[in-house]
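**Q** Mind having a look at this structure? Questions to follow.
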Amino acid sequence: MDMSDLKFRENGLIPAIIQDHATGDVLMMAFMNREALDKTLQTGRTWFWSRSRQQLWEKGKTSGHYQVVKSVTADCDFDALLIQVEQIGGGACHEGYMSCFHNPVEYGNSPGPLTSTQEPRATFDPEVVYGSSSPSILNELFQVVQHRRQNPVEESYTNYLFTQGLDKILKKIGEEATEVVIAAKNPGMDELVYELADLYYHTLVLMAERGTNPGAVFRELKSRRS
């Protein structure tokens with residue numbers, strides 16, 4: 001198919017869902033006009049049409065969090081696009097999150113249909129974030145870390161690490177790595193699992209501090225598969 005098969009809306013726009021090609025996570029949704037789609041296909045980076053500014057914009061032009069296009073696919077009605085990308089430099093959301101979809105939709109105080117909360121906010125269900133059944137635990141925990149960085153909480157250990165800076169974070173990673181080695185030499189598994197969790201956590205803090213994310217690590221690991 002080519003662009004002539006696509007069904008742009010009356011305003012000349014078509015919705016584009018942006019998905020991480022390595023993790024499958026939905027990163028964002030934006031609109032494209034014909035020129036934005038043409039630039040996306042030509043340059044291999046995502047371009048969109050800003051309805052508020054009424055102009056084209058290249059994702060990551062100012063933030064550095066750009067997207068390398070891996071594939072562009074139309075849906076069965078040819079009126080929506082799925083664009084798989086490699087997210088580079090940081091999260092897709094301008095608020096610092098990996099994904100723009102981080103505001104849970106909840107029931108209100110009275111019975112009725114699902115409605116969004118009064119003001120957009122990041123809430124995290126501990127059972128979802130820390131539950132053993134979650135397949136996206138590292139991404140979800142990373143969102144918690146990012147949230148702490150963007151919205152400091154008094155007496156938060158994560159906020160303390162960011163306040164102390166890179167050297168403190170690196171020192172903690174060194175300490176936790178040593179504790180993992182010691183735990184691995186001891187009998188039983190509980191201590192080892194505990195120390196590995198500490199090391200994972202501090203590594204995520206380092207990612208947020210340096211502007212990368214778990215998806216970048218996943219992509220590197222995937223590239224090493226034979």
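The values are calculated or read from the model by the stated rules, or taken from the named source; none is laboratory data. Note that the coordinates shown come from a computational prediction; the quantities given were computed from them, not determined experimentally. Cβ coordinates were reconstructed from backbone atoms using ideal geometry, including for glycine residues, and neighbour counts include every protein chain displayed.
**Q** Would you be able to tell me the number of residues in the stretch 9-26 that are within 22 Å of Val85 (Cα to Cα) and in contact (Cβ under 8 Å) with a residue 60 or more places away in the chain?
**A** Matching residues across the stretch 9-26 total 12.
**Q** Right, another one. If you take the residues in the stretch 11-45 that are within 17 Å of Lys70 (Cβ to Cβ), outside any strand (DSSP E or B) and small (Gly, Ala, Ser), which one is modelled with the highest pLDDT?
**A** Ranking the qualifying residues of the stretch 11-45, first place goes to Gly44.
**Q** Among the numbered conditions (1) within 27 Å of Ser223 (Cβ to Cβ); (2) in contact with a Gly (Cβ under 9 Å, 6 or more places away or on another chain); (3) of a type outside the set (D, E, K, R), tell me where Ile83 comes up short.
**A** Exception for Ile83: condition (2).
**Q** Okay, next question. Can you name the residue in the stretch 178-195 that is part of a helix (DSSP H, G or I) and surrounded by fewer than 15 Cβ atoms within 10 Å (Cβ to Cβ) and is also farthest from the chain's Cα centre (by Cα) among such residues?
**A** Restricting to residues being part of a helix (DSSP H, G or I) and surrounded by fewer than 15 Cβ atoms within 10 Å (Cβ to Cβ), the top hit is Lys185.
**Q** Something else about it: Could you please find all residues in the stretch 37-58 being touching a residue at least 40 places away in the same chain (Cβ under 8 Å) and touching a Ser or Thr at 6+ places or on another chain (Cβ under 8 Å)?
**A** Hit for the stretch 37-58 is Thr40, nothing else.
**Q** Right, something else. Of all residues being among the aliphatic types (A, V, I, L, M) and either within 26 Å of Thr62 (Cα to Cα) or in a strand (DSSP E or B) (or both) in the stretch 76-108, which is nearest to the chain's Cα centre (by Cα)? Just the residue, please.
**A** Met98
**Q** Inside the stretch 146-187, can you point out the residues that are among the charged types (D, E, K, R), out of contact with any helix residue (DSSP H, G or I) (no Cβ under 8 Å at 6 or more places or on another chain) and under 18 Å from Leu199 (Cβ atoms)?
**A** Result: Asp167, Lys171, Glu175, Lys185.
**Q** A further question follows. Among the residues of the stretch 1-22, how many are farther than 30 Å from Lys222 by Cβ and among the small types (Gly, Ala, Ser)?
**A** So the count comes out to 2.
**Q** Now for a different question. Could you check how many residues of the stretch 174-193 are acidic (Asp, Glu) and either closer than 20 Å to Leu204 by Cβ or not assigned by TED's automatic domain parsing to the domain that holds Val205 (or both)?
**A** Qualifying residue count for the region: 3.
**Q** Then there is this: Which one is nearest to Ala92 (Cα to Cα), of the residues in the stretch 168-213 that are without any contact (Cβ under 8 Å) to a residue 60 or more places away in the chain and of a type in the set (S, T, N, Q)?
**A** Going through the qualifying residues, I end up with Thr203.
**Q** If Gly44 satisfies all but one of (1) at positive phi; (2) surrounded by fewer than 11 Cβ atoms within 10 Å (Cβ to Cβ), what's the number of the condition it fails?
**A** With (1) at positive phi; (2) surrounded by fewer than 11 Cβ atoms within 10 Å (Cβ to Cβ) applied to Gly44, the lone miss is (2).
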